[in-house]
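K.L.:
Once you've had a glance at the structure underneath, I'll fire off some questions.
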């Protein structure tokens, strides 16, 4: 009998422990939302809109923590090494989850193993623009390609995240040119240098550059996809057929989060995704969420599919893991 009771307790206690953990209050303290970008970058703006809306819903402080540098790994490690209690979240992009697994032989943290997918915050980060200083002797991508071929080694492009570096590599590959990719840590600094003419070109979110386009500080050579109210800007696909850009932002936590806790945060995030103010913040960047936050399981599948699409894109460019 004692042996039977011991066996029954061994079977039941883990479930009870899980239930107790799941019933712990969340949030029990301020929540930090970590981003891998400097203040003012598109991801930072979206994360702040999300954090403000989430704070109103859960009745607790939700603070954005900027941890730029090291290709996003400072931010990623900060969350991956945190307790899986829902108080440290990573507001992350395709750079970490979609691109890096295909271009890096090793990563300090693993995008799949070390994180718990929670929700898709947006599934369209809008058009990326290829911008040039107005003094540059070209106005379109074909003209730029012709200039680069005739003047090898003279053009440089400022990029900030792996997404933009991949696009620069795509343009080099398809154009048969060799523009120098200068990787910046800060979007603000990259933009300043492009406006000042210290770099020839800039790849950046169109939404964050729109004010500079309107003021004439930069010239648009092309955009990653058509923009309804700027039909005069040719899309990359018109110049280089086959271009596609899976872009998104997801909310994840450390690995090992309780399933019920994950669902609870997912429901709160899904509520934010439907919030008019949050969507207004996104629209200023020309970003949007077309299909909602998904479930945690749906987020896992979304990341898997997007990672596969980036793999195809990167293999076509011919970039080898380093």
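The values are calculated or read from the model by the stated rules, or taken from the named source; none is laboratory data. Everything numeric in this text was worked out from a predicted model, so none of it was measured. A quick note on method: Cβ atoms are made from the backbone with ideal geometry, for glycine too, and the neighbour counts reach across all protein chains shown.
K.L.:
Please state which one of 255, 259, 196 is touching a helix residue (DSSP H, G or I) at 6+ places or on another chain (Cβ under 8 Å) and farther than 23 Å from residue 94 by Cβ.
P.N.:
Numbers: 255 fails: farther than 23 Å from residue 94 by Cβ; 196 fails: touching a helix residue (DSSP H, G or I) at 6+ places or on another chain (Cβ under 8 Å).
259 is the lone residue from the list that is touching a helix residue (DSSP H, G or I) at 6+ places or on another chain (Cβ under 8 Å) and farther than 23 Å from residue 94 by Cβ.
K.L.:
Another one. Suppose the filter is within 27 Å of residue 204 (Cβ to Cβ), at pLDDT 95 or above, assigned by TED's automatic domain parsing to the domain that holds residue 265 and surrounded by fewer than 16 Cβ atoms within 10 Å (Cβ to Cβ); does residue 63 pass it? Spell out the reasoning first.
P.N.:
Details: within 27 Å of residue 204 (Cβ to Cβ): yes; at pLDDT 95 or above: yes; assigned by TED's automatic domain parsing to the domain that holds residue 265: yes; surrounded by fewer than 16 Cβ atoms within 10 Å (Cβ to Cβ): yes.
For residue 63, the condition - within 27 Å of residue 204 (Cβ to Cβ), at pLDDT 95 or above, assigned by TED's automatic domain parsing to the domain that holds residue 265 and surrounded by fewer than 16 Cβ atoms within 10 Å (Cβ to Cβ) - is met.
K.L.:
Please go through the stretch 69-108 and pick out each residue that is touching a strand residue (DSSP E or B) at 6+ places or on another chain (Cβ under 8 Å) and assigned to a loop (DSSP other than H, G, I, E, B).
P.N.:
81, 82, 83, 84, 86, 87
K.L.:
Separate question: Out of all the residues in the stretch 260-279, is one or more under 20 Å from residue 113 (Cα atoms) and surrounded by fewer than 20 Cβ atoms within 10 Å (Cβ to Cβ)?
P.N.:
Yes, some residue in the stretch 260-279 is under 20 Å from residue 113 (Cα atoms) and surrounded by fewer than 20 Cβ atoms within 10 Å (Cβ to Cβ).
K.L.:
Answer yes if at least one residue in the stretch 223-240 is surrounded by 18 or more Cβ atoms within 10 Å (Cβ to Cβ), closer than 24 Å to residue 38 by Cα and touching a helix residue (DSSP H, G or I) at 6+ places or on another chain (Cβ under 8 Å), and no otherwise.
P.N.:
Looking for residues that are surrounded by 18 or more Cβ atoms within 10 Å (Cβ to Cβ), closer than 24 Å to residue 38 by Cα and touching a helix residue (DSSP H, G or I) at 6+ places or on another chain (Cβ under 8 Å), one finds at least one in the stretch 223-240, hence yes.
K.L.:
Given (1) under 30 Å from residue 292 (Cα atoms); (2) under 19 Å from the mean Cα position of the chain (by Cα); (3) assigned by TED's automatic domain parsing to the domain that holds residue 168, where does residue 191 come up short, assuming only one miss?
P.N.:
Looking at each condition in turn, residue 191 falls short on (1).
K.L.:
May I ask you to list the residues in the stretch 244-265 that are more than 16 Å from the chain's Cα centre (by Cα) and either outside any helix (DSSP H, G or I) or at pLDDT below 95 (or both)?
P.N.:
Narrowing the stretch 244-265 to residues more than 16 Å from the chain's Cα centre (by Cα): 254-265.
254, 255, 256, 257, 258 - these are the residues of the stretch 244-265 that are more than 16 Å from the chain's Cα centre (by Cα) and either outside any helix (DSSP H, G or I) or at pLDDT below 95 (or both).
K.L.:
Same structure, new question: Across the stretch 180-204, what is the total count of residues that are in contact with a strand residue (DSSP E or B) (Cβ under 6 Å, 6 or more places away or on another chain) and modelled with pLDDT under 95?
P.N.:
Counting residues in the stretch 180-204 that are in contact with a strand residue (DSSP E or B) (Cβ under 6 Å, 6 or more places away or on another chain) and modelled with pLDDT under 95 gives 2.
K.L.:
Still on this structure, please answer the following. Examine the stretch 126-144 for a residue that is closer than 29 Å to residue 284 by Cβ and in a helix (DSSP H, G or I), and state whether such a residue exists.
P.N.:
For the stretch 126-144, residues closer than 29 Å to residue 284 by Cβ and in a helix (DSSP H, G or I): present.
K.L.:
For the stretch 65-104, enumerate the residues that are closer than 17 Å to residue 29 by Cβ and more than 15 Å from the chain's Cα centre (by Cα).
P.N.:
Taking the stretch 65-104 first, the residues closer than 17 Å to residue 29 by Cβ are 65, 78-79, 82-89.
Those that are closer than 17 Å to residue 29 by Cβ and more than 15 Å from the chain's Cα centre (by Cα): 65, 78, 79, 82, 83, 84, 85, 86, 87, 88.
K.L.:
Next question, about the same structure. For the stretch 286-308, what are the residues that are in a helix (DSSP H, G or I), touching a residue at least 24 places away in the same chain (Cβ under 8 Å) and over 15 Å from the mean Cα position of the chain (by Cα)?
P.N.:
Residues of the stretch 286-308 in a helix (DSSP H, G or I): 296-308.
Next, only the ones that are touching a residue at least 24 places away in the same chain (Cβ under 8 Å) stay: 296, 298-300, 302-303, 306-307.
296, 298, 300, listed by residue number.
K.L.:
Out of the stretch 158-181, which residues are touching a helix residue (DSSP H, G or I) at 6+ places or on another chain (Cβ under 8 Å) and either over 18 Å from residue 237 (Cα atoms) or assigned to a loop (DSSP other than H, G, I, E, B) (or both)?
P.N.:
158, 159, 160, 161, 162, 176, 177, 178, 179, 181, listed by residue number.
K.L.:
Follow-up. Free of Cβ contacts under 8 Å to residues at least 12 places away in the same chain, at positive phi and surrounded by fewer than 20 Cβ atoms within 10 Å (Cβ to Cβ): is that true of residue 69 in this structure?
P.N.:
Values: free of Cβ contacts under 8 Å to residues at least 12 places away in the same chain: no; at positive phi: yes; surrounded by fewer than 20 Cβ atoms within 10 Å (Cβ to Cβ): yes.
So residue 69 does not fit the description; no.
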